[in-house]
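Here the structure comes first, spelled out in structure tokens, and everything after it is commentary.
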Amino acid sequence: MKTLKIAIQKSGRLNEKSVELLKNCGLNFENYKSSLISPVSNFPLEILFLRDDDIPEYVQDGIADLGIVGENVIQETEVEVSYLQKLGFGKCSLKIAVPNTLPIKNLSELDGKSIATTYPVILGKFLKQKGIESDIRTISGSVEISPGLGLSDAICDLVSTGGTLKSNGLKPFADVMSSEAVLIGRKGSENEDLIKELIQRVQSVLRAKETKYVVLNVEKAHLPEIIKLLPGVKSPSVVPLAEEGWVAVHTVIPERDFWERISQLKQAGAQGIVVMPIEKIIL
């Protein structure tokens, strides 16, 4: 059986979450900071620790079967890969930012201005779409200091909280694209069964993170109303209690509307609500 290879970031904002995801998938390996390759002991998989800019090309060229990388990197490198699964972490936005002192209100006012960025391909396509001709200045390192040094009128860079922009006297001006970590694959990759099995593990972990396991007690008279509020994975499990006329209901609740649903359950007669994290959900 062929050994799969998955490429993840060696260091940086996606490394820790990528390693955590793979370990939660039940994969046993060492996170060797000084090594390029780490074998998985309980699955036919090797993990390659690479620079994030190299990951899409490694996957495209077949050196790696799979990769975890930000959407922004894929768009910038313009590679041909398949998007297999969004992973829900590493979320950020690529934004154009301008100095607080620059009196600019409309995108059209960027015409003729200089913009410093490490993402010239994405920015170039965005500006072309908007019919704007700016002087794109490709630099590496701290893009935020460019306006202060007189290297550019504006910048285009990844923004998570906006704190770095604020500390450099900049303000977000326009959204170029949103990005998060994604699992990518090579088009026409061999050993699809192994890839499908790994994707199933990843999806089971992601589903678990999005839900909570809930057990509650309720009188049978209120059970129909409770069930309407709790669809569960398929339907809630109902177990009789020792006390006559009462049942325990087992279900899962989506994280996104958890507190609203809990409030509705209490109003419908639920008591003794116990909430537990879920490790994995396999459909």
Where a residue in segment 122-149 is free of Cβ contacts under 8 Å to residues at least 24 places away in the same chain and in the same structural domain as S167 (by TED's automatic domain parsing) and its partner, wherever it lies, is hydroxyl-bearing (S, T, Y) and not in a loop (DSSP other than H, G, I, E, B), with Cβ under 6 Å and at least six apart: D135/S114; R137/S114
Whichever residue in segment 48-62 is of a type outside the set (D, E, K, R) and outside any helix (DSSP H, G or I) and, among such residues, is nearest to E16 (Cα to Cα): F49
Qualifying residue in segment 92-115 (condition: out of contact with any Pro (no Cβ under 9 Å at 6 or more places or on another chain), closer than 21 Å to S178 by Cβ and not aliphatic (A, V, I, L, M)): yes
Condition met for I6 (assigned to a strand (DSSP E or B) and either touching a residue at least 40 places away in the same chain (Cβ under 8 Å) or crowded, with 20+ Cβ neighbours inside 10 Å (or both)): yes
Whichever residue in segment 209-265 is polar (S, T, N, Q) and either in contact (Cβ under 8 Å) with a residue 12 or more places away in the chain or in contact with a Ser or Thr (Cβ under 9 Å, 6 or more places away or on another chain) (or both) and, among such residues, is surrounded by the most Cβ atoms within 10 Å (Cβ to Cβ): T251
Residue that is nearest to L14 (Cα to Cα), among those in segment 24-81 that are among the acidic types (D, E) and touching a helix residue (DSSP H, G or I) at 6+ places or on another chain (Cβ under 7 Å): D52
Every residue from segment 172-206 that is surrounded by fewer than 15 Cβ atoms within 10 Å (Cβ to Cβ) and closer than 30 Å to E109 by Cβ: P172, D175, S178
Elements of type helices (runs of 4 or more DSSP H) contained in segment 180-283, each with 2 or more residues being in the same structural domain as Y83 (by TED's automatic domain parsing) and at pLDDT 90 or above: 192-209
Residue in segment 75-115 that is nearest to the chain's Cα centre (by Cα), counting only those that are in a helix (DSSP H, G or I) and either more than 26 Å from L170 (Cβ to Cβ) or among the polar types (S, T, N, Q) (or both): Q75
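The values are calculated or read from the model by the stated rules, or taken from the named source; none is laboratory data. None of the values given here were measured: they were computed from a predicted structure. With ideal geometry, Cβ positions are generated from the backbone for all residues, glycine too; neighbour counts draw on all protein chains shown.
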